[in-house]
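Beneath this line is the structure, given in structure tokens, with notes to follow.
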Amino acid sequence: MKSKNMSSYILDVLTYLSTIITVFALGLILFFLIREGSALIRPSLLTSDYFEQKYISSLPDEYELYTGTLPELTEDQFAIDNYGLIVEESRDKAGATVVRVVYLSDNSPLRNLLNENPAFQNEPLSLSEGMVINRVAYENRGSSLPSRGAAAMAEEMNNTDNIIRQFDFGVEGGGIRGSIIATVYLILMTLIIALPVGVLTALYFNEFAPSNKITNSMRSFIEVLTGVPSIIYGLMGVAVFVPLTTSLFQINSSNLIAGALTLAVILLPVIIRTTEESLRTVPNSHRFASLALGANKTQTTFKVVLPQAFSGILTATFLGIGRVIGESAALIFVLGTAIKDQVRILEPATSLAVHIFTVMSNEPANVELAAAIGVIILTIVLI
Amino acid sequence: MDSLFEIRNLNLYYGDFQALISIDMDIPKNKVTALIGPSGCGKSTFIRCLNRMNDLIDVARIEGSIMYQGEEANGEDYNVIELRKKVGMVFQNPNPFPMSIYDNIAYGPRQQGLKDKAKLDEIVDKALKQAALYDEVKDRVNDSAMGLSGGQQQRLCIARALAMEPEVILMDEPTSALDPIATQKIEDLINELKKYYTIVIVTHSMQQAARISDYTAFFYMGELREIGETDMIFKAPKLKQTEDYITGRFG
């Protein structure tokens with residue numbers, strides 16, 4: 001029995017097909033990002049610096065070997081009893097073998113090392129958990145290198161005949177802690193600037209402005225602003241906000257404040273529109289009731305109307321956060337593309353999205369890290 | 001008879017449309033005046049003139065004189081805020097703010113700058129008692145007003161108006177959105193309140209006008225056709241048209 005005609009079938013099939021294509025495209029993005037980036041996604045990526053640190057050190061003339069016990073080993077871990085140390089073998093971004101410290105006793109002699117760097121000669125240094133051991137050089141034999149594996153290094157260090165001459169260790173780079181902090185700064189500063197201005201503008205348009213040609217054309221102008229490509233906002237930021245902030249704070253570089261100001265301008269139309277939409281849902285009867293009670297227009301607007309628009313303002317806030325996290329084009333000029341580990345609001349920095357741009361512009365491009373950051377951005381936006 | 005409002009030659013236009021035509025009317029003090037008439041006859045428009053709510057409608061233009069306690073209240077320079085403090089209003093649909101019962105009633109006094117908690121408590125209690133709502137909500141004044149029933153919400157709106165200690169209460173079809181029992185309660189309340197306040201009420205119910213009002217004004221097509229003591233209007237109207245409307249022959 002045929003209950004539908006041909007054109008209905010075609011339309012049905014088209015809707016199904018479109019949905020499948022959309023889901024497939026989304027799945028493809030996720031699949032690509034996770035496949036490329038999953039190897040790098042671990043807590044240390046979020047908490048460590050981008051630039052690696054290398055230390056060359058030696059043990060003091062007199063030191064005591066570790067005599068205590070060590071925790072249970074799991075698979076792929078190796079104990080170095082003499083030094084109160086447990087290491088594991090893993091791989092760095094480039095795929096090379098590294099030996100990473102997973103446990104270091106508080107009484108380990110490796111907590112009291114001396115810096116061999118001529119600039120900081122004999123200043124105290126300490127190994128700590130999460131760091132990697134780059135080389136252990138001995139008085140009496142060849143060095144232990146990570147490339148020969150953690151097992152070999154542990155065996156050689158455990159041999160009491162071997163006397164350590166030089167101990168090289170470091171912090172692996174490639175972390176995105178700085179960019180995460182810069183992104184959080186950007187979100188906070190942008191919202192602090194854009195929310196009050198946007199909400200008050202929406203209040204003006206919806207509550208105070210007379211309905212005439214000028215306000216209507218201003219409204220449509222604001223609507224148009226939502227469609228302006230963000231790189232044009234970036235140009236405006238370079239032309240206006242960078243000079244403004246540099247002369248205001250006596251600095252000579254692009255900076256986070258200029259970035260936040262630029263993003264605030266990008267967010268304004270979104271915030272104004274969302275807030276206005278929620279203001280329109282506030283019933284007029286509430287405005288009348290308030291006015292009939294002898295409250296003036298301002299009191300009515302701020303005490304009765306604004307609280308009811310709260311959910312709309314919240315929506316605007318979340319949209320704004322998403323936009324700040326995702327924005328890159330506008331920030332490349334205004335914020336700079338220099339990845340920073342120490343973020344200061346009067347200096348250049350990169351947000352997560354710009355971080356992707358920077359690592360992809362490097363030679364060679366670091367697709368894995370970019371994909372890992374992509375996964376992180378997607379996760380934040382989805383939450 | 002003391003008149004609180006004296007309205008002379010009041011004309012009101014919505015753009016090109018004339019909604020009120022040359023109204024002359026006195027509103028007696030401490031009495032209930034009911035405004036009746038078919039839909040669109042101008043009675044709601046008229047009642048909104050008394051607290052200048054028509055100011056909020058851009059296209060409305062008002063000519064004529066509204067004397068309130070011997071003072072011209074329809075002038076540009078008259079303090080509208082002061083007028084609205086003395087002339088409270090209850091609307092057709094219950095419109096409590098989405099706040100607690102307490103905050104609803106305290107809203108008006110707070111906007112006048114009153115912050116003293118003890119004084120506010122006193123005002124809220126008094127308003128709730130006057131609006132015959134106290135017993136029903138005394139244990140939950142901090143709950144949202146949106147949780148009250150329609151009739152309770154309307155009495156809350158009356159309490160909210162009373163909290164401003166007005167002289168006049170304007171009621172624009174206050175029971176048209178309510179069920180008969182809630183209507184009954186509001187009518188009892190009006191009978192109680194008329195001892196202390198001047199009440200002007202717009203109603204579509206002839207029985208309601210007859211039950212609660214001292215004076216009745218019949219509006220038709222933007223004109224005030226007949227006004228008089230309620231008994232007279234209902235028993236022996238001067239105009240045939242009034243009689244036809246009251247007896248339900250048109251409307």
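The values are calculated or read from the model by the stated rules, or taken from the named source; none is laboratory data. What you are looking at is a predicted structure, and each value in this text was computed from that prediction instead of being measured. Methodologically, a virtual Cβ is constructed for each residue, glycine included, from the backbone with ideal geometry; neighbour enumeration extends over all protein chains shown. Calculation scope for accessible area: heavy atoms of the full protein, side chains included, ligands and nucleic acids excluded. Shrake-Rupley method; radii C 1.70, N 1.55, O 1.52, S 1.80 Å.
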Around A:A264, what is the net charge, scoring Lys/Arg as +1 and Asp/Glu as -1 over all other residues with Cβ under 12 Å from its Cβ? 0
Karplus (6.51, -1.76, 1.60) ³J(HN,Hα), θ = phi - 60°, over the stretch A:68-81, in Hz, Gly and Pro reported as x: x, 9, 10, x, 4, 8, 9, 4, 6, 10, 10, 8, 10, 4
Table column - 3J(HN,Hα) (Hz), the stretch A:300-317, Karplus curve with 6.51, -1.76, 1.60, x for Gly and Pro: 4, 5, 8, 9, 10, 7, 4, x, 6, 8, 4, 5, x, 5, 5, 4, 4, 4
Dipole magnitude of chain A about its Cα centre, charges +1 at Lys/Arg Cβ and -1 at Asp/Glu Cβ only, in debye to the nearest 20? 2760
Just going by the charge dipole of chain A, with Lys and Arg at +1 and Asp and Glu at -1 on Cβ, which of A:V224, A:N117, A:I34 is farthest out on the positive end? A:V224
Provide the buried accessible surface between chains B and A in square angstrom, both chains summed, 1.4 Å probe, rounded to the nearest 100. 1500
Quick check for you: with a 1.4 Å probe and neighbouring chains kept, what is the accessible area per residue of the protein assembly as shown, in Å²? 49
Candidate aspartates and glutamates for bridging to B:K235, where Cα separation is under 15 Å - those fewer than 8 sequence places away on the same chain excluded: B:D214, B:E226, B:E243, B:D244
Using the Cβ atoms and a cut-off under 15 Å, what net charge is assigned to the surroundings of A:S58, where Lys and Arg are +1 and Asp and Glu are -1? -2
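For the stretch B:1-95, what does the equivalent ellipsoid look like in terms of its semi-axes, each the square root of 5 times an eigenvalue of the Cα gyration tensor, given largest first in whole Å?
Details: eigenvalues 70, 53, 46 Å².
Over the Cα atoms of the stretch B:1-95, the semi-axes work out to 19, 16, 15 Å.
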Mean projected area in nm² (Cα convex hull; one quarter of hull surface) for chain A: 33.0
Can you tell which of B:L162, B:I57, B:L148 lies farthest toward the positive end of the dipole of the protein assembly as shown, using +1 and -1 charges on the Cβ of basic and acidic side chains (Lys, Arg; Asp, Glu)? B:I57
If every Lys and Arg gets +1 and every Asp and Glu gets -1 at its Cβ, then about the Cα centre the stretch B:142-223 yields a dipole, in debye to the nearest 20, of 140
Against the longest alpha carbon principal axis of chain B, how many degrees, from 0 to 90 and to the nearest 10, is the axis of helix B:180-193 turned? 90
Give the separation of the Cα centroids, the stretch A:213-278 to the stretch B:1-55, in Å. 51
Residues whose modelled amide H sits under 5 Å from the amide H of A:S57, counting only those 5 or more places away in sequence or on another chain, are A:E116, A:F167, A:D168, A:F169
Apply the Karplus parameterisation 6.51 cos²θ - 1.76 cosθ + 1.60, with θ equal to phi minus 60°, to every residue of the stretch A:356-370 and state each ³J(HN,Hα) to the nearest whole Hz, in sequence, with x for glycine and proline. 4, 4, 5, 5, 7, 7, 5, 10, x, 5, 9, 5, 4, 5, 4
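So which of B:K29/B:K115; A:K297/B:K185; A:K303/B:K31; A:K297/B:K195; B:K85/B:K195 end up more than 29 Å apart, counting from Cα to Cα? Mind showing how you got there, number by number?
Working: B:K29/B:K115 32 Å; A:K297/B:K185 33 Å; A:K303/B:K31 34 Å; A:K297/B:K195 32 Å; B:K85/B:K195 19 Å.
Going by Cα-Cα distance, B:K29/B:K115; A:K297/B:K185; A:K303/B:K31; A:K297/B:K195 fall outside the 29 Å limit.
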Using the Kirkwood radius over Cα pairs, work out the Stokes-Einstein diffusion coefficient for the stretch A:266-360 at 37 °C and 0.692 mPa s, in µm²/s as a whole number. 204
Count neighbours as other Cβ atoms within 10 Å of each site's Cβ, and list the GluC sites (Glu not before Pro) in the stretch B:198-251 that are DSSP loop with at most 12 such neighbours. none
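Using Cα pairs under 8 angstrom and six or more residues apart, how large is the relative contact order of chain A, in percent? Present the calculation step by step, with values, prior to reporting the outcome.
Working: 620 pairs, mean separation 70.8, N = 383.
Answer for chain A is 18 percent.
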What longest region of chain A stays clear of GluC sites (Glu not before Pro) that DSSP places outside H, G, I, E and B and that have at most 12 other Cβ atoms within 10 Å? A:140-383
